[in-house]
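The values are calculated or read from the model by the stated rules, or taken from the named source; none is laboratory data. All values derive from a computational prediction rather than experimental measurement. Glycine also receives a Cβ, built like all others from the backbone with ideal geometry; neighbour counts cover every protein chain displayed.
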Amino acid sequence: MTTRDTLLRFPESMLATMINGHWHTQLDGGAFFIDRSPRLFEYILEFLRTGYLAPVPPEIGVQALAREARFYLLEELAGLIEGKKYKPTPYEFYAMLPGKNFANMDLSMMNLRGQDFHDFDFGDSDLSGANLHGANLVHAQLTNANLTGTDLTEAVLRGTVFTGALLDGTDLEGSKVNYSTVFKDAQLVNPNMKNMEGWNELTW
């Protein structure tokens, strides 16, 4: 259940057009039938009610929800969805570990000290301020990740891919790299790179 005012909040949307009488598939009794996912519509309706976009869990999917918003001609919502990263709770984070996929997520300020992230995908994720001290990131993908202020001290970074990542004030002291660690097109802004093991093997 909702109100007329809620559905009219965005005048150019498909829902507002329906309510304003410009939709010609109204059922007997004044109801409308829309053959779309009711689960996705929960997020659409909450946005119409509050103007707030609830976190989009991985099982829903950012692209699926953005596509649904565009179906309803809610371009503003679609833009918000595509620009929002999902921040998992600690319970959700550990439940997702077997899948090794944390791409495009908000993991900022998380304590991930000493964790084994071998072959994990953190592409496009926000890891700013995260504690990854001593973590195993061998062959991990950190492409375009935000590593501002991230603690990577003594982390194992052999074969880690930092292509396009932002390392602003990132602490890499004592980390372990080798010839297969990739910093191509990474933005290195005052990182601490003291005592990095294997530094001489890097190619730029």
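Numbers at a glance
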quantity	calculated
Selected residue (only one of 2, 89 is more than 17 Å from the chain's Cα centre (by Cα) and of a type outside the set (D, E, K, R))	2
Filtered residues of region 64-84 (kept if surrounded by fewer than 18 Cβ atoms within 10 Å (Cβ to Cβ) and outside any helix (DSSP H, G or I))	73, 83, 84
Residue ID - nearest to the chain's Cα centre (by Cα), chosen from residues in region 29-46 that are in contact (Cβ under 8 Å) with a residue 24 or more places away in the chain and assigned to a loop (DSSP other than H, G, I, E, B)	37
Top-ranked residue of region 154-171 - restricted to ones that are in contact (Cβ under 8 Å) with a residue 24 or more places away in the chain and not aromatic (Phe, Trp, Tyr), ranked as farthest from residue 120 (Cα to Cα)	167
Inter-residue pairs, beta-carbon under 8 Å, first assigned by TED's automatic domain parsing to the domain that holds residue 139 and loosely packed, with under 15 Cβ neighbours inside 10 Å and in region 178-203, second modelled with pLDDT under 95 and of a type outside the set (A, V, I, L, M, F, W, C), 6+ apart	179/201; 179/203
Any hit, region 47-58, residues being surrounded by fewer than 19 Cβ atoms within 10 Å (Cβ to Cβ) and in a helix (DSSP H, G or I)	yes
Residue check, residue 117 in the same structural domain as residue 186 (by TED's automatic domain parsing), touching a Phe, Trp or Tyr at 6+ places or on another chain (Cβ under 7 Å), among the aromatic types (Phe, Trp, Tyr) and surrounded by 13 or more Cβ atoms within 10 Å (Cβ to Cβ)	no
Residue list for region 174-204, restricted to those being within 27 Å of the chain's Cα centre (by Cα) and in a loop (DSSP other than H, G, I, E, B)	175, 177, 180, 181, 183, 184, 185, 186, 190, 191
